[in-house]
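Quick notes on the structure that follows.
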Amino acid sequence: MVKHFTYFDSRENFFRETACATQRNFYEIISDGNPSCLYFDMEFYSQSQLNEDGTPTDDELAHTIATIRAEAIAHWPALVVDPSPLDHVVVKTTSRMVGGVWKYSYHLNWPLAGFRNNCGALRIFARHLSSLDPLQATNAKM
């Protein structure tokens, strides 16, 4: 399976480009010009879920949330004045064994950090985040 991230400037262009595709699986479509909330997917792999004492094996999730929060405050001046929309994050998760290691998938959503008119703001911010060393995959598929 290949993941592909792309952009279409209209619904018509989306249909034109995908109508004849033999495999049509589209996920997480974010429309420009429509209200949306700050949202990200995160995946990582680990040898185990918990240490012997029951604590998590790492703090990757907490570190990622803190990094996104700090970068959002630096990126949007309104959040410097009032960062409280970033105080509440909804985390949906699933994990499973893949090739002998645990694969974690998280959906991170800040429902109070929204955009009245997206206009590509999330895409620009996501590109910025993808360039940060602390958010780079270090253990992809171990």
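Coordinate-derived values only; no laboratory data. What you are looking at is a predicted structure, and each value in this text was computed from that prediction instead of being measured. A quick note on method: Cβ atoms are made from the backbone with ideal geometry, for glycine too, and the neighbour counts reach across all protein chains shown.
Would you mind calculating the gained length between Phe8 and His128 on full extension (0.36 nm times residue separation, minus the Cα-Cα distance), in nm to one decimal?
Values: separation 120, 0.36 × 120 = 43.20 nm, distance 1.98 nm.
Additional length available on full extension: 41.2 nm.
Between Ala74 and Glu43, 0.36 nm times their residue separation minus their Cα-Cα distance comes to what? Before the final figure, lay out each step's value.
Working: separation 31, 0.36 × 31 = 11.16 nm, distance 2.42 nm.
Additional length available on full extension: 8.7 nm.
May I ask you to derive the FRET efficiency for Ala21 and Asp87 from their Cβ-Cβ distance with R0 = 41 Å, giving the value to the nearest 0.05?
Values: r = 41 Å, r/R0 = 1.00.
That pair, Ala21 with Asp87, gives E of 0.50.
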